[in-house]
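Input: a single structure, listed below in structure tokens.
The values are calculated or read from the model by the stated rules, or taken from the named source; none is laboratory data. Computed from a predicted model, the values in this text were never measured in an experiment. Reconstructed Cβ throughout: ideal geometry from the backbone, glycine too, with neighbour counts over all protein chains shown. Just the protein is used for accessible areas: all its heavy atoms, side chains included, with ligands, DNA and RNA removed. Shrake-Rupley method; radii C 1.70, N 1.55, O 1.52, S 1.80 Å.
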Amino acid sequence: VTMMGIEREKLLKRNLSDFIDPNLQDTYHFFCQALRHTQQSQQCEIILLVPNRPPLMIRLDGTVMLQTDGSIDYRIAITDITLQKQAESQRVELTAERLRTKVLAGFVSDISHDLRTPLSVISTGLYLIGKTVDKETQLGKIQTVQEHIFRLAAVLDQLQQMALLDSTPRLTFQLGDMNDQVTTVLHILKPKADLKEVKLVEQLQFNLPDVYFHADTMEQMLNILLDNALQFTEQGDVVSVKTYEENGSVVVEVSDNGIGIQADILPHIFDRLFKADESRHLQSGAGLGLAMAKRIVELHHGSIEVSSTPEVKTSFKVRIPSNNNDRNNAH
């Protein structure tokens, strides 16, 4: 009566289930059913909806009482836990907010360098252009400014793409041939490989089973891995792409014999904004390329792994389940 604010006589004429949140009726039903069938104490938490009052979060504690005449009583204690739950929710929200603040602070600290450096070079370059009368020197300064403008644009573009991937809960898949995706990306990157005199080698399994994937993001992921491999190889090196079926998955393996990745760096290679001071240090962008690749693979319910022996071989393996045919996502 005190808890619900309803007169005793009126309350006696009502069923408890009349006040239970419709979404929790099954919880209450199973609670009562378990109490009767198991003859053991039961507990559950539900919400009571009382007209003109805030929702009540309550805990039900059911016990079984065997009487001297052999009959059985079922007794249920109702405890108002609204304030307790609100306090727990506030603690969770506070913890989450502190974590968000910490992540944001780290993000701002990490990204500020990527933005400040090109802006500083651009500012200095423009000043020197105005002070320089020699045409050839001016053209050199203009080229430097342009290069850092492109770098700044690449950083902002990566940030935008990462934000888009983070806000995408699921992708729309279509059944397709992974070999076609690989071939398309290799064709796009071939001029870059030719310019560096790096050999692109493809070893694609014939009759590879089709898988469900999102064409645009899959192409983006493959482009990140192959472009990354090209970036860290030198003249005469080899970048290879293999596809094969293994343990119910289609595997795409991108390998190179470039400078490699040190063992202490490998565990962090997919971390956001991570840039090694040595080895495969990104020359442009915000250090989000491999993080984006990982996110894309996760959206495809797959996995990505890396192995490396410095100066010998670095290999990225992407596994996409061949039974990845969630009809809710496929059209």
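A DSSP coil position with no more than 16 other Cβ atoms inside 10 Å describes the following trypsin sites (Lys or Arg not before Pro) in the range 1-86: 13, 14.
The slack between residue 2 and residue 271, meaning 0.36 nm per residue of separation minus the straight C-alpha distance, is 91.4 nm.
Summarising the label geometry, the points placed 7 Å from Cα in the beta-carbon direction at residue 238 and residue 168 lie 3.4 nm from one another.
Restricting attention to the chain, close to 85% of DSSP beta bridges with both partner residues there are antiparallel. Per-residue ellipticity at 222 nm computed for the chain from its helices equals -15500 deg cm²/dmol, with DSSP H segments shorter than 4 residues left out and the rest contributing -39,500 (n - 2.57). Compared with the alpha-carbon gap, the fully stretched path from residue 13 to residue 195 is longer by 56.9 nm at 0.36 nm per residue. When you work out D = kT/(6 pi eta Rh) for the range 52-155 at 20 °C and 1.002 mPa s, using the Kirkwood radius from C-alpha pairs as Rh and the Stokes-Einstein form, the result is 104 µm²/s. Near the amide H of residue 4, within less than 5 Å, lie no amide hydrogens of residues on another chain or at least 5 residues away, with H placed in the peptide plane. Using the alpha-carbon atoms, what tilt in degrees (0 to 90, nearest 10) does helix 178-196 show relative to the longest principal axis of the chain? Compared with the principal axis, the helix lies near 30 degrees.
Each of residue 92 and residue 175 was given a label point 7 Å from its Cα along the Cα-to-Cβ line. The distance between the two points is 4.1 nm.
The angle separating the long axis of helix 25-38 from the principal Cα axis of greatest extent in the chain is about 60 degrees.
Working from Cα pairs under 8 Å separated by at least six residues, relative contact order for the chain is 13 percent. For residue 37 and residue 312, the difference between the fully extended length at 0.36 nm per residue and the C-alpha to C-alpha distance is 92.4 nm.
Taking the accessible area of the chain, probe 1.4 Å, and keeping the other protein chains in place, the carbon and sulfur fraction comes to 52%. In this view, the solvent-accessible surface of residue 150, computed with a 1.4 Å probe and all protein chains in place, comes to about 140 Å².
In loop segments of the range 291-320 as defined by DSSP, the GluC sites (Glu not before Pro) with at most 11 further C-beta atoms inside 10 Å of their C-beta are 311. Looking at the range 13-111, the accessible area is 72 square angstrom per residue; that uses a 1.4 Å probe and ignores ligands, DNA and RNA. Phi angles of the range 208-214 translate, via the Karplus equation with coefficients 6.51, -1.76, 1.60 and θ = phi - 60°, into HN-Hα couplings of 5, x, 5, 10, 8, 7, 9 Hz per residue; Gly and Pro are given as x. For the range 168-176, putting each phi into the Karplus relation 6.51 cos²θ - 1.76 cosθ + 1.60 with θ = phi - 60° gives couplings of 9, x, 7, 10, 8, 9, 9, 6, x Hz, in residue order, rounded to whole numbers and with x for Gly and Pro. Which value, in Å², gives the accessible area per residue of the range 169-209 when a 1.4 Å probe is used on the protein heavy atoms? Averaged over the residues of the range 169-209, the accessible area is 65 Å².
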